[in-house]
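Right, one structure below, let's go through it.
The values are calculated or read from the model by the stated rules, or taken from the named source; none is laboratory data. Note that this is a predicted model, so its numbers are computed, not measured. We place every Cβ from the backbone using ideal geometry, glycine too, and count neighbours over all the protein chains shown. Heavy atoms of the whole protein, side chains included, go into the accessibility calculation; ligands, DNA and RNA do not. Shrake-Rupley method; radii C 1.70, N 1.55, O 1.52, S 1.80 Å.
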Amino acid sequence: MYDKLWLIPLFPFIGFLINGLLGKRIKNEKVIGSIATLSIFCSFLVSCHYFLQLLGDDQKVHEVIITSWITAGPLHVNWGFLLDPLSGLMMMNVSGLATLITLYSIGYMHGEEGYFRFFSYMNLFAFAMLMLVLGNNALVMFVGWEGVGLCSYLLIGYYYEKQSASDAGKKAFVVNRVGDFGFLLGLFTLFWSLGQKGVWTINFTEIAASTQLLENGGLIVTIITLCFFLGATGKSAQIPLYTWLPDAMEGPTPVSALIHAATMVTAGVYMIARMNGLFAMAPDTMMVVAIVGASTALFAATIGLAQNDIKRVLAYSTVSQLGYMFLAMGVGAFSAGIFHLLTHAFFKACLFLGSGSVIHGMHHAFHHAHIHDDPQDMRNMGGLRKKMPITFITFLLSTLAISGIPFFSGFFSKDEILWWSFASTRGHWVLWLMGAVAALMTAFYMFRLVFMTFFGEQKTDARAKDHIPESPLVITFPLMVLAALATIGGFLGVPHVLGKLFGHVPNLIEHFLDPVFEHTQHLHQLHAHGTAATEFSFMGVSVGIAVVGIGVAWIMYCKNPQLPGKLVAVFPKLHRAVFNKWYIDEFYDALIVNPTKRAGTVLWQIFDARFVDGIVNGVAWTVKGVGKTLRYTQSGYTHNYAMSMVIGVVAIIAVYVFN
Amino acid sequence: MITITHYMAVSAILFSIGTIGVLTRRNAIVIFMCVELMLNAVNLTFIALSSHLGNMDGQVFVFFIMTVAAAEAAVGLALMIAFFRNGDSVDVEDFSLLKW
Amino acid sequence: MEILQLLFFYLVAFVTIVSGLCVVLCKNPINSAISLVMTFFCLAIFYVTLHAPFMAAIQIMVYAGAIMVLIIFVMMLLNQGAEVVARCRHAVVGAVVAAGIMMLQVLVTLKHGDVSGVVGPVNSAMIEEVGHTELIGQALFTDFLFPFEIASILLLVAIVGAVVLAKREV
């Protein structure tokens, strides 16, 4: 029934091959863009088919083995796919968003150098991400995991002739290597420790079935899960490995939307959800996950408060929102985390694409007026709502969603996470407090962004201000779809208390994901407990927080635009610290990067130049010296050669005689 | 009683004399003759052992050695003529081109 | 009778070695060549005493006849005369020492070793009866037919090579 599952990743791969191999000859942008979009769209259609089939199926977990891959001793790895509610949701998310964003890119990337390169990378990314999501064992997932890392690197460094872009690409790659190292260590340890118990496997369903062999809460499980979590922090930009994501904004905006907001960066969350049984067995790791998630949510939000680059604000917002997802994972709210992953994918993709639309317009205007201002700097914007009405409306809807205004999607998902972080058996009020403060800041900086960009006076250079167009339909259409999803997507996961209030509206998503998480949650008693009244009051507080954040932003950036300047004057040091991202990059440079460079220099000058080269040159010198000495034996006189032959004969006979 | 050892001893002495000649003489033709001497010493051992063991193989070997010696003589002497034409000498110490 | 045989053997052996030494020691190559012919004759005598009359015959015909004529012919063609300059002393000493050690080693081996090998059916009575030539011929044209043919090719190649090398202009 599900045996054609391999078609899903195959289509983008074909698209990648066509555009990657022939794109340079095709030249026609429309053809290239259509091939890329259609190939992902085909994959989306197949995904829809199987998703609907899965919805109507009683059995919710299906494994499809394509062929054997590695057989070594007790290790048997297959190329295989796993379709269950979790991977089904992710596959829909990935293929659907990739379709929309590739469509958007046709407009956005118009006229760029290396157009075909961009689209072939995008298709390769979709292929790798689908492999990651659908893989039935950790190694296939790892192939996808590395594949998306590669595509991320390639696309961040898309404008490779720009120093900052290629640096950012390298940074993303290197930081991700640290995480991948953790992933691999975790995988090895898991394989080994399960093997000690007689089960040699890296297959997800088999792992899930045999986790009870390991000691609950034991050291081994904690180490394994911590290693996997390190992998997740790298890919999903959590403390301490988040620094690459803001720099990744050097890539084209659709890339930021697809890879660095909606899909790839959520791979870590997905991985934890995929291994929920394992993580639930390690309460210590869960605590670490929750704390790291909450801290990242709070920390990134503070940095987001003071950035002026429109994409950087969104980048820090992404880091912060990913923190929420990890917080959810950490307190056992797996389905809430996945739910937030989905809603975040909708509204953040919409926000990024909206910002891309704005940048596109600004760039167009600046280009038209021959000005070299930064088209991404919000201080150059303002009052754009009249120039770009569709962009503005979609952007506003998504912003409302992320801020947690009731009945927008972000409200449901974020609120559920906050509720779980307080009321779960693994929750704590401190975690809730951190999440709530981060929510306040989120509402503030997001509306700061909206007010600075779309409201108030137009601060654009006078020569350019009349040339800012609304983007074409190919750009605005994905915006509208995503805005609609961001607005209504929340009704997939209406909390139980609200559902009862409105007459038995079920929490669809939680119910759908039950086959994946119910067993674990039941086994480890991961439940949120509290009265309906408490939950309502928490919801009220959340809404209040959002409204306060929006209100403050309105006061500071609409009603009284001089206020921010005054505040900066009062707290100059604080502002500088926040503006410079708490000097974390500089701190890492001083703590890790520069010592590594120095160690590299030392190793180069001493170990490589002296020792390794010494060995190599030493061999050459020895050979040369020996040759110099031995060449005197080559006198050219026949007698000498005959003499050495006779000596050899004497020696041989001597051996014979004395034996 | 003449034993096999007697013939072998004569052969060994002849072989050594031939070796000394190869190592000490400078005239290429004389060296060539010394090589022939060594070959004949070996032939003697072959025939002595052949008749001692009652096996004809050794004598057939000698037959082939003579064939090779004849071929060697033809080619070797032709080489010497070529040498002589080239350097007006058959002294091997005048030909030390095979060196660094 | 045995004493006579032994005496004869020692006489021939003495002449062989002395003429062999002459080959090495004579300054004039012509003298060396004549001594070599003498050595070949002595060896032919040894072959006869070893019941190999056919080998003795071709020893005289091929070696003492053909090869030596060729050598002497070349000598006269090149008209060399005696060696004027001898090799340096330590080279000579070294050569004598090396060859001497080799001889001693072989003699020691002969004294302590034992001869062994594939024993065949041929004995002196059989040679008297069948004839040495026929025995050689049988071996040559049955077991050693292939090497025999190869040897003929070798001779052909040697002839061609000699002609090519000795020709004045190629």
Q | Failed condition for A:M381, given (1) over 30 Å from A:G330 (Cβ atoms); (2) open to solvent by 40 Å² or more (accessible area, probe 1.4 Å) | A | (2)
Q.
Against the definition (in contact with an Asp or Glu (Cβ under 7 Å, 6 or more places away or on another chain), within 7 Å of chain C (Cβ to nearest Cβ) and either touching a residue at least 60 places away in the same chain (Cβ under 8 Å) or under 20 Å from C:Q59 (Cβ atoms) (or both)), how does B:A73 come out, yes or no?
A. no
Q) Any idea which of C:S152, C:S116, C:S124 is modelled with pLDDT of 85 or more and among the polar types (S, T, N, Q)? A) C:S152
Q. Taking the stretch A:213-241, which residues are under 22 Å from A:V77 (Cα atoms) and modelled with pLDDT under 90?
A. A:L213, A:L214
Q. Of all residues in the stretch C:117-170, which are of a type in the set (G, A, S), assigned to a helix (DSSP H, G or I) and either facing chain B (nearest Cβ under 7 Å) or open to solvent by 40 Å² or more (accessible area, probe 1.4 Å) (or both)?
A. C:S124, C:A125, C:A139, C:A151, C:S152, C:A158, C:G161, C:A162, C:A166
Q.
Please count how many residues of the stretch B:77-97 are surrounded by fewer than 18 Cβ atoms within 10 Å (Cβ to Cβ) and either in a loop (DSSP other than H, G, I, E, B) or on the phi > 0 side of the Ramachandran plot (or both).
A. 5
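Here's a check for you: in the stretch C:58-78, which residue that is open to solvent by 40 Å² or more (accessible area, probe 1.4 Å) and either within 22 Å of C:L140 (Cβ to Cβ) or of a type in the set (D, E, K, R) (or both) is nearest to the other protein chains (Cβ to nearest Cβ)?
Initially, the stretch C:58-78 is screened for residues open to solvent by 40 Å² or more (accessible area, probe 1.4 Å), giving C:60-62, C:66, C:69-70, C:72-73, C:76-77.
Now restrict to residues that are either within 22 Å of C:L140 (Cβ to Cβ) or of a type in the set (D, E, K, R) (or both): C:60-62, C:66.
Numbers: C:I60: 11, C:M61: 10, C:V62: 5, C:A66: 7 Å.
Looking at residues that are open to solvent by 40 Å² or more (accessible area, probe 1.4 Å) and either within 22 Å of C:L140 (Cβ to Cβ) or of a type in the set (D, E, K, R) (or both), I get C:V62.
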Q.
Among (1) part of a helix (DSSP H, G or I); (2) surrounded by 12 or more Cβ atoms within 10 Å (Cβ to Cβ); (3) more than 32 Å from the chain's Cα centre (by Cα), there is one condition A:K566 misses while meeting the rest; what is its number?
A. (2)
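Which residue is nearest to A:S413 (Cα to Cα), if the candidates are limited to the stretch A:360-378 and must be open to solvent by less than 10 Å² (accessible area, probe 1.4 Å) and of a type outside the set (F, W, Y)?
Within the stretch A:360-378, the first condition is being open to solvent by less than 10 Å² (accessible area, probe 1.4 Å), and the residues that meet it are A:361-362, A:365-366, A:378.
Imposing the further condition that a residue be of a type outside the set (F, W, Y) reduces the set to A:361-362, A:365, A:378.
Working: A:G361: 32, A:M362: 33, A:A365: 38, A:M378: 29 Å.
Ranking the qualifying residues of the stretch A:360-378, first place goes to A:M378.
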Q.
Being more than 30 Å from B:T3 (Cα to Cα), β-branched (V, I, T) and without any contact (Cβ under 8 Å) to a residue 12 or more places away in the chain is the filter here; which residues of the stretch C:28-81 pass it?
A. C:I67, C:V69, C:V74
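Quick one: which of A:T302, A:T296, A:T285 is under 30 Å from A:T205 (Cβ atoms) and at pLDDT 90 or above?
Details: A:T302 fails: under 30 Å from A:T205 (Cβ atoms); A:T296 fails: under 30 Å from A:T205 (Cβ atoms).
Result: A:T285 is the single residue among A:T302, A:T296, A:T285 that is under 30 Å from A:T205 (Cβ atoms) and at pLDDT 90 or above.
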Q) Exactly one of (1) open to solvent by 20 Å² or more (accessible area, probe 1.4 Å); (2) more than 14 Å from chain A (Cβ to nearest Cβ); (3) of a type outside the set (G, A, S) is unmet by B:M33. Its number? A) (1)
Q) more than 23 Å from C:G113 (Cα to Cα), at the interface with chain C (Cβ under 7 Å from one of its Cβ atoms) and open to solvent by 30 Å² or more (accessible area, probe 1.4 Å) - does that describe any residue in the stretch B:37-58? A) no
Q: Would you confirm whether any residue within the stretch C:85-95 is more than 15 Å from B:V30 (Cβ to Cβ), under 24 Å from the mean Cα position of the chain (by Cα), facing chain B (nearest Cβ under 9 Å) and in a helix (DSSP H, G or I)?
A: no
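Would you point out which residue out of C:Q5, C:Q59, C:Q80 is within 24 Å of B:S50 (Cβ to Cβ) and in contact with a helix residue (DSSP H, G or I) (Cβ under 7 Å, 6 or more places away or on another chain)? Walk me through it before giving the result.
On the way: C:Q5 fails: in contact with a helix residue (DSSP H, G or I) (Cβ under 7 Å, 6 or more places away or on another chain); C:Q80 fails: within 24 Å of B:S50 (Cβ to Cβ).
Only one candidate passes the filter, namely C:Q59.
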